Each structure stands twice: as structure tokens, then as C-alpha cells.
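Participant: Dropping a structure here in C-alpha cells format, bear with me for questions.
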Amino acid sequence: MPRRRKMLAADEELANKIVEMAKRRGATVFQTVNLILEQALRAEEMAISLQEVVDKRWMLEKARGLGLVFAPERLLYEMVDLAYRRAKKRASKIWFEVGRWYGAYFSDKEEPLSALEKALELLTFGNSYYSLRDEGDAISLSLVGDRFTEGYTEALSLFLEGVFKALGYEAASKEVSKGAIHYRFGRGGEL
């Protein structure tokens, strides 16, 4: 028995975009709409929205563009901790300098703090949390990760100091303890 077709209504602007998409892909509008609907239903079956799928994919692409790689969480924290304990001075310098490099990268963006915030979303993907607040004359930053090792926490704090240094900020106050980083930064150290 042949498959039956059913008509669906769509906003004219969206329908026109689907027609253009189909042309670009060398497919029919029917094939394109069915592919889109199949993927939306597939996401629904996995109990996630298509929006979440697209957002997560964007995060992966953004991470790749920033030169980030994914590693098993425990392995990353333990290896950083080990390196930090064995070569603290050298590891500190590397983390700070890489932070400065990323800070220089963010400073070239139209809104450097917004670009940094997007990167923090990637760095805290998983079981950690951050808060970044622009308070006018200062910037407040908190980052908490219950799985962070002591060495990883210290190294990450140096990375963040490097980022903010390149953006023209100095740490006015700093609290770093295993799993928790709290900073208050001022322009050139002013507060």
C-alpha cells in the first residue's frame, strides 16, 4: 500500500527557507520536510528538544574553534594535579600564559566579556558552575567544580588571571581553594 501524504501548514517565511534549503541540497521540499520532522521526532524520543540538540552541537563547534578538546573529566583533573604538584612553577607559567593568549583572543571581539562568558560556558560544561558579573567598576567571577582537584583549581585560577590580565584587569581580591575560585577584578587593579 503506498504511503499517504498529509498537508502541514507553516509560516510563509519558514516555508520559503525550507524551499531554499531543499534547492541547496538537491532534494525535494517533501524530502526536506520529512527529514526535518524525522530528526525532530528522533530528538523527542530521546527526551530532548531539537533546540537542545542544536545548542549542544553549537557548543561542540565553538569549543573546537577555541582549540578545546574533550577528555575524561577525572583524567584531566588528575593529570593536571599531578603535573602541577611535580612542576608547579613551570605549570603555573604555562597556565597563566595560555590564559593571556585567550584573553588577547577575546579582546579582539566586539564584546570581550560576552565572548569570555561563552567560553566559560564551555569550560564549565558538565559538573561545574560559574558566575560572571560586570559591576561597572569591577568584575566579579566565581567558578565552582566539586570534582576539581587542588592542583586543577589552582592552575585554572592562573589561567583566569591571565585572561583578565590580557583584557586589562588585575585581581583586586582572590580566594582559591579546592573546587572553588572567587575573584574580583578591577581595571588595571583599580577598585
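Participant: Name the single residue that is surrounded by the fewest Cβ atoms within 10 Å (Cβ to Cβ) among those in the range 51-90 being more than 21 Å from residue 119 (Cα to Cα) and of a type in the set (D, E, K, R).
Facilitator: 89
Participant: Determine which member of the set 70, 159, 148 is in a loop (DSSP other than H, G, I, E, B) and either in contact with a Cys (Cβ under 7 Å, 6 or more places away or on another chain) or at pLDDT 90 or above (or both).
Facilitator: 148
Participant: For residue 165, only one of the following conditions fails: (1) farther than 26 Å from residue 75 by Cβ; (2) assigned to a strand (DSSP E or B). What is its number?
Facilitator: (2)
Yes or no, residue by residue, for (1) of a type outside the set (Ser, Thr, Tyr); (2) touching a helix residue (DSSP H, G or I) at 6+ places or on another chain (Cβ under 8 Å); (3) within 24 Å of residue 17 (Cα to Cα); (4) not assigned by TED's automatic domain parsing to the domain that holds residue 158:
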position	(1), (2), (3), (4)
33	yes, yes, yes, yes
39	yes, yes, yes, yes
48	yes, no, no, yes
76	yes, yes, no, no
87	yes, no, no, no
97	yes, yes, no, no
101	yes, yes, no, no
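Participant: Whether any residue in the range 91-102 is farther than 20 Å from residue 176 by Cα and surrounded by 12 or more Cβ atoms within 10 Å (Cβ to Cβ) is what I want to check.
Facilitator: yes
Participant: Here are some residues: 61, 111, 20, 44. Which one is closer than 30 Å to residue 136 by Cα and not hydrophobic (A, V, I, L, M, F, W, C)?
Facilitator: Numbers: 61 fails: closer than 30 Å to residue 136 by Cα; 20 fails: closer than 30 Å to residue 136 by Cα; 44 fails: closer than 30 Å to residue 136 by Cα.
None of the other options fit; the residue is 111.
Participant: A follow-up question, please. If the requirement is being within 20 Å of residue 120 (Cα to Cα) and not basic (Lys, Arg), which of these qualifies: 29, 33, 80, 19?
Facilitator: Of 29, 33, 80, 19, the one residue that is within 20 Å of residue 120 (Cα to Cα) and not basic (Lys, Arg) is 80.
Participant: A further question on this structure: Residue pairs, Cβ under 8 Å, 6 or more apart or interchain, first in the range 111-130 and over 16 Å from residue 159 (Cα atoms), second of a type in the set (Asp, Glu) and surrounded by 13 or more Cβ atoms within 10 Å (Cβ to Cβ). List them.
Facilitator: 126/73; 127/73
The rows are residues; the columns are (1) more than 17 Å from residue 160 (Cβ to Cβ); (2) in a loop (DSSP other than H, G, I, E, B); (3) out of contact with any Asp or Glu (no Cβ under 9 Å at 6 or more places or on another chain).
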residue	(1), (2), (3)
79	yes, no, yes
84	no, no, no
92	no, no, no
101	no, no, yes
110	yes, yes, yes
114	no, no, yes
121	no, no, yes
125	no, yes, yes
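Participant: Quick test of your reading of the structure: residue 55 fulfils all but one of (1) part of a helix (DSSP H, G or I); (2) assigned by TED's automatic domain parsing to the domain that holds residue 148. Name the failing condition by number.
Facilitator: (2)
Participant: Of everything in the range 143-155, what is under 16 Å from residue 126 (Cα atoms) and surrounded by fewer than 21 Cβ atoms within 10 Å (Cβ to Cβ)? Give them in sequence order.
Facilitator: 144, 146, 147 - these are the residues of the range 143-155 that are under 16 Å from residue 126 (Cα atoms) and surrounded by fewer than 21 Cβ atoms within 10 Å (Cβ to Cβ).
The values are calculated or read from the model by the stated rules, or taken from the named source; none is laboratory data. Because the structure is a prediction, the values reported are computed rather than measured. Note that we place each Cβ from the backbone using ideal geometry, even for glycine, and neighbour counts take in every protein chain shown.
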